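Only the coordinates and a few stated rules stand behind these numbers; no lab work does. This is a predicted model, so every value here is computed, not measured. A quick note on method: Cβ atoms are made from the backbone with ideal geometry, for glycine too, and the neighbour counts reach across all protein chains shown.
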Amino acid sequence: MRRYGRGVDAATIAGLLADPARLKVVAALALGAGTIEDVAGAAGLPLKDVALAARRLARAGLVSRDGHALALHTDRFGAAARAAADAAPPPEPLSSDPAEDAVLSAFVRDGRLVSIPAQHGKRRVVLEHLARVFEPGVRYPEREVNALLAVWHPDVAALRRYLVDEGLLTREAGVYWRSGGRVDV
């Protein structure tokens with residue numbers, strides 16, 4: 001059995017798995033297939049396609065091949081993911097204030113609010129961040145407020161209510177406007 005000591009990077013793995021046949025081979029191996037014939041049956045691929053895919057995966061060090069026996073090196077996937085995460089640049093801070101940034105980083109991921117904080121102080125920090133979506137001096141119909149808040153979190157009614165209760169938005173006759181919070185200049 002051939003052993004590979006070199007690491008495989010995440011981009012290489014993604015490129016290898018972009019091929020449908022190689023993806024099916026990896027899936028079949030991950031689910032327990034152990035021979036070329038088992039993989040072909042599980043993946044619904046001709047033996048020739050499995051052999052070609054296995055050869056390419058073996059060259060990259062993701063699969064070991066010993067005759068007809070195949071083994072997937074699952075540890076290499078995790079190692080590549082960890083290396084990619086370590087090499088990724090740190091996320092941009094969401095606030096210049098380290099305390100606010102810590103709160104926002106805990107509740108905002110990829111531009112979405114993952115949950116509404118239960119603790120008042122943390123919820124206030126998040127709401128002030130959301131209030132910046134609304135331009136001072138602009139009046140918004142409720143439909144538009146809902147659309148702007150839906151980008152952040154599906155519970156737009158709760159967010160709208162919290163923003164009004166905290167004095168960050170004011171509502172009158174179904175029209176909202178920004179009435180509090182910091183303004184970026």
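With everything on Cα atoms, drop me the angle between helix 156-165 and the longest principal axis of the chain, reported from 0 to 90° to the nearest 10.
Around 40 degrees separate the two axes.
So which trypsin sites (Lys or Arg not before Pro) in segment 5-80 are both in a DSSP loop and have at most 12 other Cβ atoms within 10 Å of their Cβ?
ARG6
What are the residues whose amide H is under 5 Å from the amide H of GLY34, where those residues sit 5 or more places off or on another chain and H is modelled from the backbone?
VAL39
Tell me the relative contact order for the chain as a rounded percent, counting alpha carbon contacts under 8 Å between residues six or more apart.
16
Based solely on C-alpha atoms, express the radius of gyration and the Dmax of the chain in angstrom.
According to the Cα coordinates of the chain, Rg and Dmax are 25.8, 76 Å.
Evaluate the distance, in nm, between pseudo-label points positioned 7 Å from the Cα of GLU37 and of ALA173 along their respective Cα→Cβ axes.
Label-label distance for GLU37 and ALA173, simple model: 8.1 nm.
Seen from all sides and averaged, what is the projected area of the convex hull of the Cα atoms in segment 98-178, in nm²?
Values: hull surface 20.3 nm².
Dividing the Cα hull surface by four gives the mean projection, 5.1 nm².
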